[in-house]
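The values are calculated or read from the model by the stated rules, or taken from the named source; none is laboratory data. Since the model is a prediction, treat every value here as computed from it, not as a measurement. Cβ: placed from backbone, ideal geometry, glycine included. Neighbour counts: every protein chain shown.
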Ligand code: SAH
């Protein structure tokens, strides 16, 4: 019998060590180069707004193939050379396999297994589809009693436990992502000492609640998360409200969450895409525009995915969050 978060951590470590995850699913930076470019511009404008700290740590959590950061740095070198010169690149990545792919595209970076070893200082952090991959615990409330879910022989088993949270309002499954909340706390503490901002893009609801969101993808199709650990990518929806509350409790301010479609449109997704598409052969231009629509349209990735910023106290409204 294994606690669900331990099972999920073990299964995902095995999966990321042995598979090319991007054969099984596609992420925003792999869909359009404009995604990384405008997040690079977001970081450069944010750096300016928070007083141009120099040096500044530019951190990405879970960089995958390194596509987002490679696109961001290319854009930043052109439009914000002072930020490019001030930035020191740090990557949080647990998979040795993905680290070696990242090293080819992002020479000069420093790698970390976790946020705790990222050096002190002002920082800007980007994370796309990172929090959803972190291991969750699941608790069940039934007839006012709480149980925790464990895994044994590919099945869930339950064990009685104490209430995991003060929210007793409802029945069903409550999910808790402890490593995500630890990161929120660390960022909150960091931003009481140093200027900076962290941007998270991921999928999940706006409000915390009851529900089982554990899911697995094997060979591009939905699969049973508990069967054959290591052969599928296991994720869960991100509880943005709890994440933001912990960051604020530790001393940070937060902005958002804003639906990804709205956020990217405010950052100029369509203007940049149009400029890029102009002068491209017809088929390529159509593909670029479709990619932007896929990221932004509400019934595709535009609404389920959200953007949340964590920032130091007194932080001005950041790009994309102006009227959030
Ligand atoms: N951001 C990328 C990749 C998303 S997949 C993109 O958008 O394409 C999740 C990434 O987080 C992978 O790089 C994976 O190896 C990394 N990851 C997952 N769990 C992690 C953990 N516990 N610590 C550090 N990195 C982790």
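Residue-by-condition table, conditions (1) near the ligand (Cβ under 9 Å from one of its atoms); (2) touching a strand residue (DSSP E or B) at 6+ places or on another chain (Cβ under 9 Å):
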site: 1; (1), (2): no, yes
site: 27; (1), (2): yes, yes
site: 41; (1), (2): no, no
site: 71; (1), (2): no, no
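Hey, any hits in the range 57-65 for a residue that's more than 20 Å from the chain's Cα centre (by Cα) and more than 15 Å from the ligand (Cβ to nearest atom)? Give the steps one after another, and end with the answer.
Within the range 57-65, the subset more than 20 Å from the chain's Cα centre (by Cα) is none.
Looking for residues that are more than 20 Å from the chain's Cα centre (by Cα) and more than 15 Å from the ligand (Cβ to nearest atom), one finds none in the range 57-65, hence no.
Based on this model, can you work out whether residue 82 counts as surrounded by fewer than 22 Cβ atoms within 10 Å (Cβ to Cβ), in contact with a strand residue (DSSP E or B) (Cβ under 6 Å, 6 or more places away or on another chain) and within 22 Å of residue 197 (Cβ to Cβ)? Write out each step before concluding.
On the way: surrounded by fewer than 22 Cβ atoms within 10 Å (Cβ to Cβ): yes; in contact with a strand residue (DSSP E or B) (Cβ under 6 Å, 6 or more places away or on another chain): no; within 22 Å of residue 197 (Cβ to Cβ): yes.
No, not satisfied.
Just to confirm my filter: which helices (runs of 4 or more DSSP H) fall fully inside the range 181-293 and include at least 2 residues that are touching a strand residue (DSSP E or B) at 6+ places or on another chain (Cβ under 9 Å)?
Passing ranges, in order: 240-249, 260-266.
Quick one: which of 105, 97 is at pLDDT 95 or above and either touching a helix residue (DSSP H, G or I) at 6+ places or on another chain (Cβ under 8 Å) or more than 18 Å from residue 47 (Cβ to Cβ) (or both)? Spell out how you get there, then give the answer.
Values: 97 fails: at pLDDT 95 or above.
Being at pLDDT 95 or above and either touching a helix residue (DSSP H, G or I) at 6+ places or on another chain (Cβ under 8 Å) or more than 18 Å from residue 47 (Cβ to Cβ) (or both) holds for just one of 105, 97, which is 105.
Determine, yes or no, whether residue 245 is more than 16 Å from the ligand (Cβ to nearest atom), farther than 19 Å from residue 150 by Cα and more than 15 Å from the chain's Cα centre (by Cα). Steps first, answer last, please.
Values: more than 16 Å from the ligand (Cβ to nearest atom): yes; farther than 19 Å from residue 150 by Cα: yes; more than 15 Å from the chain's Cα centre (by Cα): yes.
So residue 245 passes the test.
Being without any contact (Cβ under 8 Å) to a residue 12 or more places away in the chain and more than 21 Å from residue 181 (Cβ to Cβ) narrows it down to one residue among 100, 144, 122, 95; which is it? Give the derivation first.
Working: 144 fails: without any contact (Cβ under 8 Å) to a residue 12 or more places away in the chain; 122 fails: without any contact (Cβ under 8 Å) to a residue 12 or more places away in the chain; 95 fails: without any contact (Cβ under 8 Å) to a residue 12 or more places away in the chain.
So the residue among 100, 144, 122, 95 that is without any contact (Cβ under 8 Å) to a residue 12 or more places away in the chain and more than 21 Å from residue 181 (Cβ to Cβ) is 100.
Yes/no per residue for (1) buried (at least 18 other Cβ atoms within 10 Å of the Cβ); (2) free of Cβ contacts under 8 Å to residues at least 24 places away in the same chain:
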| residue | (1), (2) |
| --- | --- |
| 7 | yes, no |
| 10 | no, no |
| 15 | yes, no |
| 18 | no, no |
| 26 | no, yes |
| 33 | yes, no |
| 62 | yes, no |
| 65 | yes, no |
| 75 | yes, no |
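Looking at (1) farther than 24 Å from residue 19 by Cβ; (2) out of contact with any helix residue (DSSP H, G or I) (no Cβ under 6 Å at 6 or more places or on another chain), which is the one condition that is false for residue 181?
Of (1) farther than 24 Å from residue 19 by Cβ; (2) out of contact with any helix residue (DSSP H, G or I) (no Cβ under 6 Å at 6 or more places or on another chain), only one is false for residue 181: (2).
Among the residues of the range 119-132, is there at least one that is touching a strand residue (DSSP E or B) at 6+ places or on another chain (Cβ under 6 Å), in a loop (DSSP other than H, G, I, E, B) and over 23 Å from residue 232 (Cβ atoms)?
Taking every residue of the range 119-132 in turn, at least one turns out to be touching a strand residue (DSSP E or B) at 6+ places or on another chain (Cβ under 6 Å), in a loop (DSSP other than H, G, I, E, B) and over 23 Å from residue 232 (Cβ atoms).
I'm checking my understanding of the structure. Among residues of the range 91-108 that are surrounded by 21 or more Cβ atoms within 10 Å (Cβ to Cβ) and in contact with a strand residue (DSSP E or B) (Cβ under 9 Å, 6 or more places away or on another chain), which one is farthest from residue 304 (Cα to Cα)?
Here the residue is 102.
Look at the range 310-324 and say how many of its residues are over 18 Å from residue 268 (Cα atoms) and crowded, with 16+ Cβ neighbours inside 10 Å.
The number of residues fulfilling the criteria is 4.
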